[in-house]
Amino acid sequence: MTNPPAASEPAARPRRVLLASPRGWCAGVDRAVLTVEKALEQYGPPIYVRHEIVHNKHVVRTLQDKGAVFVERTDEVPEGAIVVLSAHGVAPTVHAEAAERGLATIDATCPLVTKVHREAVRYAREDYDILLIGHEGHEEVIGTSGEAPDHITVVDGPDDVAGLSVRDESKVVWLSQTTLSVDETMETVDALKERFPNLASPPSDDICYATQNRQTAVKKLAEDADLVIVVGSRNSSNSVRMVEVALDAGAPAAHLVDFAHEIDEAWLDGVSTVGLTSGASAPDVLVDGVLRWLAERGYDEVETVTTADESIVFALPHELRRQLR
Ligand code: SF4
């Protein structure tokens, strides 16, 4: 029998988890992963995949185990083989290289990235200077820039704005990477508008619905959580942004982990409420692992915090649909 705590001892604080919804896989990631799985089923291994199909270690390892071979460059793929292009999109030069090598290409670029590519092509055709807000060197930014290299300048935040020059200040438009922080991007847009008062805006948001919804959800968690854990990989732009958004929204601490075993027990010191979410490329099986890890440490009360409903689904790439028919 356990003695009740002495009157002078403080009562233990309740331990709970606030679980964000929506979180994790978006429609573009779901489609890209399914594309590789269906290609493996249809044609058998090996199926080559240019670049990590989505930025998540677990997903990449699981597909490797099934026979996917990840390469960084098209010339690493044997002539005539099948290659899947990742969800982040590629420059037209990559399609040309693949055609030259006689590769059978299956393009798993997310349709929302393709939308930004089309905008870039259209504005370049109308001879605009395009200021592409995004992270220099990110796969998606490289792909979009490749659509109109002579017209696009990458703007990696407000600090880049002072150094920009354009040919005609009356013909300038901004576009953006799909996975940025919404608030930071608007700061950059405001700085651009101050510098170029006639700056045109894209017809609709470039930051995709999934990125926006996950950031809204993590902001909500940050209101009540003593610690926010985001499940995702370090090279996943939207996952890294979620940690930053949580901290900006007032979370006392926020960390990114690929797997439950990466959580440091010390992070839980004095923590009553843990906010848990995951980036758009992280599968829910990894979140389940974190929930189990937390339950073993007394955080076994889980409350879902819903800020949006998502029902978007993208059809498989047409190259694969044709074959499957
Ligand atoms: S994060 Fe957005 S743009 Fe990227 S794959 Fe998912 S839905 Fe598409």
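Values as computed for the structure displayed
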| item | result |
| --- | --- |
| Any chance N235 is out of contact with any strand residue (DSSP E or B) (no Cβ under 7 Å at 6 or more places or on another chain), at pLDDT below 95 and not in a strand (DSSP E or B) | yes |
| Any chance A246 is over 17 Å from the mean Cα position of the chain (by Cα), part of a helix (DSSP H, G or I) and more than 16 Å from the ligand (Cβ to nearest atom) | no |
| Qualifying residues in the stretch 120-142 (those that are touching a Ser or Thr at 6+ places or on another chain (Cβ under 9 Å) and of a type in the set (D, E)) - the one farthest from the ligand (Cβ to nearest atom) | D129 |
| Residue in the stretch 92-104 that is surrounded by 20 or more Cβ atoms within 10 Å (Cβ to Cβ), more than 12 Å from the ligand (Cβ to nearest atom) and over 30 Å from A200 (Cα atoms) present | yes |
| Candidate set: the stretch 24-40, residues that are small (G, A, S) and assigned to a helix (DSSP H, G or I); chosen: the one farthest from the ligand (Cβ to nearest atom) | A39 |
| Of all residues in the stretch 223-242 being away from the ligand (no atom under 16 Å from the Cβ) and of a type in the set (A, V, I, L, M, F, W, C), the one that is farthest from H58 (Cα to Cα) | A225 |
| Of all residues making up the stretch 149-185, the number that are aliphatic (A, V, I, L, M), part of a loop (DSSP other than H, G, I, E, B) and either within 16 Å of the ligand (Cβ to nearest atom) or buried (at least 22 other Cβ atoms within 10 Å of the Cβ) (or both) | 1 |
| Positions within the stretch 41-72 being assigned to a helix (DSSP H, G or I), over 15 Å from the mean Cα position of the chain (by Cα) and in contact (Cβ under 8 Å) with a residue 12 or more places away in the chain, in sequence order | Q42, Y43, L63, K66 |
| So K115, is it among the basic types (K, R), within 23 Å of V313 (Cβ to Cβ) and within 14 Å of the ligand (Cβ to nearest atom) | yes |
| All positions within the stretch 191-222 that are in contact with a strand residue (DSSP E or B) (Cβ under 9 Å, 6 or more places away or on another chain), free of Cβ contacts under 8 Å to residues at least 40 places away in the same chain and within 16 Å of the ligand (Cβ to nearest atom) | D205, I207 |
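The values are calculated or read from the model by the stated rules, or taken from the named source; none is laboratory data. Here the structure is a predicted model, which means the values were calculated and not measured. Note that each Cβ is placed from the backbone with ideal geometry, even for glycine, and that neighbours are counted across all protein chains shown.
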